[in-house]
Amino acid sequence: MGLKICVFEGDGIGPEIMAPTQQVLDTAMAKVGAAPLSYTAHPAGAGHYAQTGDALPQASINAARASDAILLSAMGLPSIRKPDGTEITPQIELRFALGLYAGVRPVRVFPGQPTPLSDPRAAQIDFVLIRESTEGLFAHMHEGIVTEVDATETLRITRATSEKLFDFTFRLARQRAARRGRPARVTCVDKANVFRAFWFFREIFHERAQAFPGLVTDAAYVDAMAMWMVQRPWEFDVLVTENMFGDILSDLGAGLLGSLGLAPSADIGDGIAVFQPCHGSAPDIAGQGVANPLAMILSGAMMLDWLAGERDQPVLSAAAQMIENAVAQVVAAGQAVTADLGGSAGTEACADAVMAAMANA
């Protein structure tokens, strides 16, 4: 039996982009001669909450914990909310339940891909945002105190999680440097000039950097970084930041790509990880067969690359690279992309084009 993949099909367009993603993964695995992945779907999401009152059953958490990796599609529906008015976010609950402290958000422009930036250097954009995913302003997200006159939320940063986050970030930067053949640069993004918690965060960053000689490290305030990500995003390599800042900047990064439909992500802990697209469930187009599957497909490729290291199966990295190359070909050709990328292809046709590109590799 192949590696066990826990699948959460999600809400809205979630099931529509999950099915072709599994087909792409299966094609890549067969192409490199790896054992087929073993998928098992489990319930979670806003739709499940509407039916049962539980967005993430304990049985689903247990199944995720027992798997080799978790593939999670878009979740949440704006029309379905908790009694306090907040949306259903089992994907966030899963991060806390499994201790997935490192949110990995790649921002890469494929050759020939149109972007909102007119500067030709935009074609060089290739950086990764690492978002701490279990602390920060999300640490007490259900514990805010609201009265008729004010509201208070609590931000929490711990040394233990920050050290693991920075060590993960520095290791990833080294891996990127080895693959790209150039020095690694890691930038800590914070607000250390105003908040003591962020000065604490930055101090730990510099402390842990001492254990990784050869890396270039620096720090930037989050407001300045938001500006620089628009003015000169091609200059960055790896950015690491707090949960809320990462939530915001990752969408800005996706905006540089021209569409959230090209923005994959991973949430990684100690020996366990979830892979999902950055975009939402898009209920307005659900069931129409027009959703962009590429972010979900690229998330699947990230899963294979992570599994290659975690399960000592290098062939999976080859499968991941094959998928990325195929997506790049489809995007560059521009003939089988969905409406958000300027094309007219449907979900199935777009995924079929990716598989055709792999077949010809």
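All of the numbers you see were taken from the coordinates with simple rules; none came from a lab. Everything quoted here is computed from the prediction, not taken from an experiment. We place every Cβ from the backbone using ideal geometry, glycine too, and count neighbours over all the protein chains shown.
Below 8 Å, C-alpha to C-alpha, sequence gap of six or more: please give me the relative contact order for segment 116-256 in percent.
On the way: 205 pairs, mean separation 53.3, N = 141.
Result for segment 116-256 is 38 percent.
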Where does each of Val128, Val189, Val149 land when they are ranked from fewest to most other beta-carbon atoms within 10 angstrom? Val149, Val128, Val189
Using a simple charge model, +1 on the beta-carbon of Lys and Arg, -1 on the beta-carbon of Asp and Glu, nothing else, what dipole does the chain show about its Cα centre, in debye to the nearest 20? 1100
Using Cα-Cα distances under 8 Å and only pairs 6 or more residues apart, what relative contact order does the chain have, in percent? 22
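Using the Cβ atoms and a cut-off under 12 Å, what net charge is assigned to the surroundings of Trp234, where Lys and Arg are +1 and Asp and Glu are -1? Walk me through the numbers before you get to the answer.
Details: positive: Arg108, Arg121, Arg232; negative: Asp119, Asp126, Glu235, Asp237.
Result for the local shell: -1.
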Among Ala30, Ile285, Ile272 the positive-end extreme of the charge dipole of the chain (Cβ point charges): Ala30
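Among Thr27, Thr347, which comes first, second and so on when ranked by fewest other beta-carbon atoms within 10 Å? Write down the numbers at each step before the final one.
On the way: Thr27 19, Thr347 22.
Ranked by crowding around the Cβ, least crowded first: Thr27, Thr347.
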Per-residue Cβ neighbour rank within 10 angstrom, fewest leading, Leu155, Leu260: Leu155, Leu260
Top of Asp84, Asp11, Asp68 by mean-square fluctuation, Gaussian network on the chain, Cα under 10 Å: Asp84
Evaluated over segment 116-256, the Cα radius of gyration and Dmax, each in Å: 16.1, 57
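Rounded to the nearest 20 Debye, what is the dipole magnitude of segment 116-256 about its Cα centre when Lys and Arg each give +1 and Asp and Glu each give -1 at the C-beta?
900
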For segment 45-74 and segment 312-361, what is the separation of their Cα centres, given in Å? 28
Burial order of peptide ranges 233-244, 198-209 (average beta-carbon count within 10 Å, highest first): 233-244, 198-209
Just tell me which aspartates and glutamates come within less than 17 Å, Cα to Cα, of Lys82; anything on the same chain fewer than 8 places away is out. Asp11, Asp54, Glu93, Glu143
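Can you tell me what percent of all Cα-Cα pairs in segment 1-105 are more than 25 Å apart? Please report the intermediate quantities before stating the final value.
Values: 1293 of 5460 pairs.
Cα-Cα pairs in segment 1-105 separated by more than 25 Å: 24 percent.
Kirkwood hydrodynamic radius, computed over distinct alpha-carbon pairs, for the chain: how many Å, to one decimal? Let's see the in-between values first.
Details: mean 1/r = 0.0479 Å⁻¹.
20.9 Å is the Kirkwood radius here.
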